[in-house]
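Worksheet: one structure, shown below.
The values are calculated or read from the model by the stated rules, or taken from the named source; none is laboratory data. Since the model is a prediction, treat every value here as computed from it, not as a measurement. Glycine also receives a Cβ, built like all others from the backbone with ideal geometry; neighbour counts cover every protein chain displayed.
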Amino acid sequence: MTETERIQELRTELHQHNYNYYVLNQPTISDQDFDKMMHELQDLEAKYPELYDPNSPTQRVGSDLNNEFETVVHKRPMLSLANTYNKEEVKDFYNRVKEGLHGAPFQICCELKFDGLSISLHYEHGQLVKAVTRGDGIQGDDVTSNVRTIRSIPLQLAKEMDYPDEFEIRGEVLMPWSSFDQLNKQREDDEEPLFANPRNAASGTLKSKVSSTVAQRGLDAYLYYLLGDNIPDDGHYENLQKAHEWGFQISKNIRLVNSLQGIYDYIDYWDQERKNLPVATDGVVLKVNSLAQQRSLGMTAKSPRWAIAYKFQAEQAETILRQVVYQIGRTGAVTPVANMDPVQLAGTQVRRATLHNADVMQKLHLHVGDHVLVEKGGEIIPKIIDNLTENSNPKHLINFVANCPVCRTPLVRYEGETSHYCPNETGCPPLILGRIEHFISRKAMNINSLGFETVDDFFQRGLIHDAADLYELTEEQLLTSEGGGQINAKNILQSIQESKDVPFERVLYAIGIRFVGEIAAKTIARNLGSMEAVANVTLDKLLEISGIGTIIAQSIIHYFKDPINQRFVQRLQKYGLQMKLSETELSSHSDRLAGKSIVISGVFAHHSRDEYKALIEKHNGKNVGSISGKTSFILAGENMGPAKLEKAQKLGVPILSEDEFLKMIE
Ligand code: IVH
């Protein structure tokens, strides 16, 4: 067997193993053997770049190139379904179908309504060629490279199967509860805002600009609608079973029924049982099974007459409001929380519910003793959705607090935000603690031997008052703290010591200037070079930096005006943290590509794609995913795709070879 043949063989086998594992849940080889084959394929593909295939199993890991999604028009519009919350309307639907079919017998296919985001997948000759989000139903985003990382979506179907040359299959991309919980836990550690529910998480992930991020987030997909000119069967259900044979993940919980009672039974069963599913569902979908009957029923302007979605009622309960308390988060955001008489809801006892913010609270017009309706829907935290008491004593109306519940500073509401914030960043304990936690977090100073709990403990016991105090901690102090053994104390001191080598851009991020995230910190560090320059910069100078807007710029100026912050930064400098870009960073960076949008395409001889991407960034250029009139040039290797080439020529975008590019940045 030649190496070229071996590549083909490995690809075919790995596709099959992938299907066995992710779709059938029946792996036939060990993880190690799978990895071994994958590595062999990776090595061979590196040796034969001309055999690059976007659907190779090796492409599942995604890339860190920046996707800019192209908008594409759907071949067939993606309609939505009529929704109902009550069985009476299900009956009406059933009777309308019966009438529409003039008494001919019919079957209804009952399915779960998955709560993710819909996706349209296009296959040609068994190859995944395009994946598009629903968008507005007429056009959506081309998210193919992200979708390729979802393991349960086949990139290539087995050769001998009887699928049509061209077809479309639609379904739902979801984030299983397990991945969702894990993701939110990670985000909590990284101090990033949490996703409210798996749908938002799936949607945010699928639209991520970096496909390697998608690959790590554990998305899944269920397919539920086959379309095209040569569909195998007249039955929708039967087609889905075929699609399963071809390699698609289809829900095992689809049922064909012959009566209205059958539909009700399905609904009742899943209303309870759905709590045990690994993914979120929010209802059932009912579809007339025969495609011929579907055609004869046709469509209304918005949705098909042959299908309807029945949505499960979010569980609700009535109880009495006793008090509203205010929680302040580490960012200073203040959230009103209701304390209520305990009530049983969705399997748990609930006595607290969020009221979100001042606007929501005002609308509910709450008084102590009011009867309120609590709901636990797709979100994790229960909420009050209605006030059932009409004539309460206006004297007891509960108004949103004006001052910080902890430090009494008057709260502020920033433009465009729904929350009120305590602005006392350097004086209010939860905010100070938030700043210290941010300082030690992984993407900032990465003092990983110090957990948030330990920091809380040090803070409560007065060992530290701000993050700079960490650098003055002694072994004796640590030994007297809880959970402190000698080894632990040594570890903590060592990782505090090591943080002194963390590069300047991360120090700038770590000091906690509001609105200055990792990327802004990097940009500012590269442009200004040192903490001193940042501390003394003018607003105008900041606004000249590409990527820095008014909000960030003003926040920086504001930060360095505060004597407490000035003193804090001076102390960090005294303890030896990196306060300017290192020599190597300075010399390897330039502005040679400033303002340039560059597309990378093809296979390269001298550096990998990722290395070229890093080079572009170092020289202040921007790497973009697709060619447009704004593209400055294309960095082209071998085998640049013909479509790209044509587009570049049409738009008059220059094409640079690897050597030309390297010369340019030398
Ligand atoms: S069928 C024309 N089946 O619910 C029929 N949709 O408004 C198209 N959904 O946008 C959809 N589970 O995102 C269908 N088993 C299922 C579904 C399902 C979830 C979503 C889909 C669609 C929305 C209906």
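Of note:
- Considering (1) under 25 Å from Thr281 (Cα atoms); (2) within 16 Å of the ligand (Cβ to nearest atom); (3) of a type outside the set (A, V, I, L, M, F, W, C), the lone condition that Asn86 does not fulfil carries the number (2).
- Selection status of Lys207, within 16 Å of the ligand (Cβ to nearest atom), of a type outside the set (S, T, N, Q) and at pLDDT below 95: yes
Residues checked against (1) surrounded by fewer than 21 Cβ atoms within 10 Å (Cβ to Cβ); (2) at pLDDT 95 or above:
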| site | (1), (2) |
| --- | --- |
| Asp233 | yes, yes |
| Asn253 | yes, yes |
| Ile263 | no, yes |
| Leu286 | no, yes |
| Thr300 | yes, no |
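- Pairs where the first residue, in the range 284-309, is without any contact (Cβ under 8 Å) to a residue 60 or more places away in the chain and the second is away from the ligand (no atom under 11 Å from the Cβ) and of a type in the set (Asp, Glu), C-beta under 7 Å, 6+ apart: Ala292/Asp234
- Any hit, the range 269-289, residues being over 32 Å from the mean Cα position of the chain (by Cα) and more than 16 Å from the ligand (Cβ to nearest atom): no
- Selection within the range 550-591 - small (Gly, Ala, Ser) and modelled with pLDDT under 90: Ser582, Ser587, Ser588, Ser590
- Flag for Arg322 being away from the ligand (no atom under 16 Å from the Cβ), within 31 Å of the chain's Cα centre (by Cα) and of a type outside the set (S, T, N, Q): no
- For the range 84-111, a residue qualifies if it is closer than 24 Å to Ile169 by Cβ and touching a Lys or Arg at 6+ places or on another chain (Cβ under 6 Å), and the qualifying residues are Cys109, Cys110.
- Per the listing Ser632, Ser597, Ser590, the residue uniquely surrounded by 18 or more Cβ atoms within 10 Å (Cβ to Cβ), farther than 30 Å from Gln497 by Cβ and polar (S, T, N, Q) is Ser597.
- Output for the range 163-188, where each listed residue is in contact with a Lys or Arg (Cβ under 7 Å, 6 or more places away or on another chain) and away from the ligand (no atom under 16 Å from the Cβ): Ser179, Leu183
- The lone exception for Lys113 - which of (1) farther than 25 Å from Gln16 by Cβ; (2) modelled with pLDDT of 95 or more; (3) more than 16 Å from the ligand (Cβ to nearest atom) it fails: (3)
- Residue count for the range 166-182, restricted to those that are out of contact with any strand residue (DSSP E or B) (no Cβ under 7 Å at 6 or more places or on another chain) and of a type in the set (A, V, I, L, M): 1.
- Residues of the range 128-141 that are of a type outside the set (A, V, I, L, M, F, W, C), surrounded by fewer than 20 Cβ atoms within 10 Å (Cβ to Cβ) and either part of a strand (DSSP E or B) or touching a Lys or Arg at 6+ places or on another chain (Cβ under 7 Å) (or both): Lys130, Gln139, Asp141.
- Residues of the range 116-148 satisfying the condition of being of a type in the set (Gly, Ala, Ser), closer than 22 Å to Ala243 by Cα and within 9 Å of the ligand (Cβ to nearest atom): Gly116, Ser118
- The residues on offer are Arg408, Arg435, and the sole one that is over 16 Å from Phe515 (Cβ atoms) and basic (Lys, Arg) is Arg408.
- Filter result for Glu160 (among the acidic types (Asp, Glu) and either more than 14 Å from the ligand (Cβ to nearest atom) or part of a loop (DSSP other than H, G, I, E, B) (or both)): yes
- Across the range 636-665, the number of residues qualifying as farther than 11 Å from Ser601 by Cα, touching a residue at least 40 places away in the same chain (Cβ under 8 Å) and polar (S, T, N, Q) comes to 0.
- If the condition is being out of contact with any helix residue (DSSP H, G or I) (no Cβ under 8 Å at 6 or more places or on another chain), part of a helix (DSSP H, G or I) and not aliphatic (A, V, I, L, M), then the range 553-584 contributes Ser555, His558, Lys561, Pro563, Arg567, Gln570, Lys574, Glu583, Thr584.
- You will find that of Leu470, Leu397, the residue that is under 20 Å from Gln497 (Cβ atoms), free of Cβ contacts under 8 Å to residues at least 60 places away in the same chain and not hydroxyl-bearing (Ser, Thr, Tyr) is Leu470 and no other.
- Counted residues, the range 150-165 - those being among the aliphatic types (A, V, I, L, M) and surrounded by 22 or more Cβ atoms within 10 Å (Cβ to Cβ): 3
- Just one of the listed residues (Ile308, Ile254, Ile263, Ile250) is over 12 Å from Cys109 (Cα atoms) and either of a type in the set (A, V, I, L, M) or away from the ligand (no atom under 12 Å from the Cβ) (or both), and it is Ile250.
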